[in-house]
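The values are calculated or read from the model by the stated rules, or taken from the named source; none is laboratory data. What you see is a predicted model, and the numbers here were worked out from it, not measured in a lab. Virtual Cβ from ideal backbone geometry, glycine too; neighbours counted across all protein chains shown.
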Amino acid sequence: MLAAKLTRELIDDNLMQKYGTSLDINMGREYQKYLDEKYRTLRAEFEKINKDQDEFISLSELIEFFNSYSSVVR
């Protein structure tokens with residue numbers, strides 16, 4: 001449902017006028033799959049940051065997360 005709403009918001013109006021409902025029907029489904037995958041990836045990142053699984057990400061959790069990425073980037 002969230003992906004469908006995002007798809008409606010993000011699809012370019014000019015493309016919709018040019019290609020009509022086929023764009024919404026065909027590309028919309030593919031775009032929803034793409035958005036679902038991106039959502040799952042982002043959610044996994046937040047779960048990795050929030051190690052104690054509470055409602056908040058603490059400063060120490062955030063610093064630890066950034067430090068883990070900085071060692072990969074170096």
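Key figures for this structure:
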item	result
Breaking point among (1) assigned to a helix (DSSP H, G or I); (2) surrounded by 12 or more Cβ atoms within 10 Å (Cβ to Cβ); (3) modelled with pLDDT of 75 or more, for ILE57	(1)
Cross-chain or 6+ apart pairs with Cβ under 7 Å, region 34-48 first and at positive phi and assigned to a helix (DSSP H, G or I), then of a type in the set (Val, Ile, Thr) and exposed (fewer than 11 other Cβ atoms within 10 Å of the Cβ)	none
